[in-house]
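Since the structure comes first, as structure tokens, the remarks are kept for the end.
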Amino acid sequence: MKNCIRSAPHPWLLVLMFAIMISADSVWAVPMTNDPKGFHGIPWGTSLSSRQDLEPIQADPHIAEYLRKTEPSSFAGTQMTSVLYVSVDDQFARVIIRYQGDHVHRQVLGFLESRFGRLEHIPGQMARGLSQQYNWRGSDTEINLTYQASTERGYIFIDSRTLAPRFNDDITDSP
């Protein structure tokens, strides 16, 4: 008599399924027009520690955060709560922008759409609701915007597609 008990799936099959689930949200990103390949004229990969216009505010052996010394925190032609430049292993890899207010959100969203591509109404993107998410993906840059309507707070992550995954590597290598 044959054994009717099924064996567990192969480990490579589980890894493949996990990889598909992780990348699923990226599938719904709007293709970016005019990839900036950096932020405010600073190309991805640039050493931020040697820049005179930035001051370090926090650093560990691999990740450092910087603020502009003289310019106010602005983006999309309006005042932001903060604009943080982040490097991994002294290579510029991410910008984190925080803002407050529905009117600022509308201005930021309009700016991003005019500069990087109109949003399409596709699965995975919410145009309204308590938590709205928008994504643009270029060859070198990915922009992720999250807006929480209940608190009127917005967060924008502008990432180097090649360097930003190293943030995850640093987290998983931590003791």
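The values are calculated or read from the model by the stated rules, or taken from the named source; none is laboratory data. What you see is a predicted model; the values in this text were computed from it and never measured. Counting neighbours? That spans all protein chains shown, and the Cβs are built from the backbone with ideal geometry, glycine included.
Listed here are the residues, each with its yes/no results for (1) at pLDDT 95 or above; (2) over 21 Å from T141 (Cα atoms); (3) in a loop (DSSP other than H, G, I, E, B).
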position: T46; (1), (2), (3): yes, no, yes
position: Q58; (1), (2), (3): no, yes, no
position: P61; (1), (2), (3): no, yes, yes
position: E65; (1), (2), (3): yes, no, no
position: E71; (1), (2), (3): no, yes, yes
position: V83; (1), (2), (3): yes, no, no
position: V86; (1), (2), (3): yes, no, no
Go through (1) over 20 Å from P165 (Cβ atoms); (2) touching a residue at least 40 places away in the same chain (Cβ under 8 Å) and name the single condition I42 misses. (1)
Among the numbered criteria (1) of a type in the set (S, T, N, Q); (2) touching a residue at least 12 places away in the same chain (Cβ under 8 Å); (3) within 22 Å of N168 (Cα to Cα), which one does Q58 miss? (2)
Just to be sure I understand, how many residues within the range 142-169 are modelled with pLDDT of 95 or more, of a type in the set (A, V, I, L, M, F, W, C) and surrounded by 17 or more Cβ atoms within 10 Å (Cβ to Cβ)? 5
Condition broken by V108, with the remaining ones in (1) modelled with pLDDT of 95 or more; (2) in a loop (DSSP other than H, G, I, E, B); (3) closer than 21 Å to N144 by Cβ satisfied: (2)
What is the number of the single condition among (1) within 17 Å of R166 (Cα to Cα); (2) under 16 Å from the mean Cα position of the chain (by Cα) that A59 does not meet? (2)
For the range 114-135, what are the residues that are at pLDDT 60 or above and part of a loop (DSSP other than H, G, I, E, B)? G117, R118, L119, E120, G129, L130
Among the residues of the range 75-104, which ones are hydroxyl-bearing (S, T, Y) and crowded, with 19+ Cβ neighbours inside 10 Å? Y85, S87, Y99
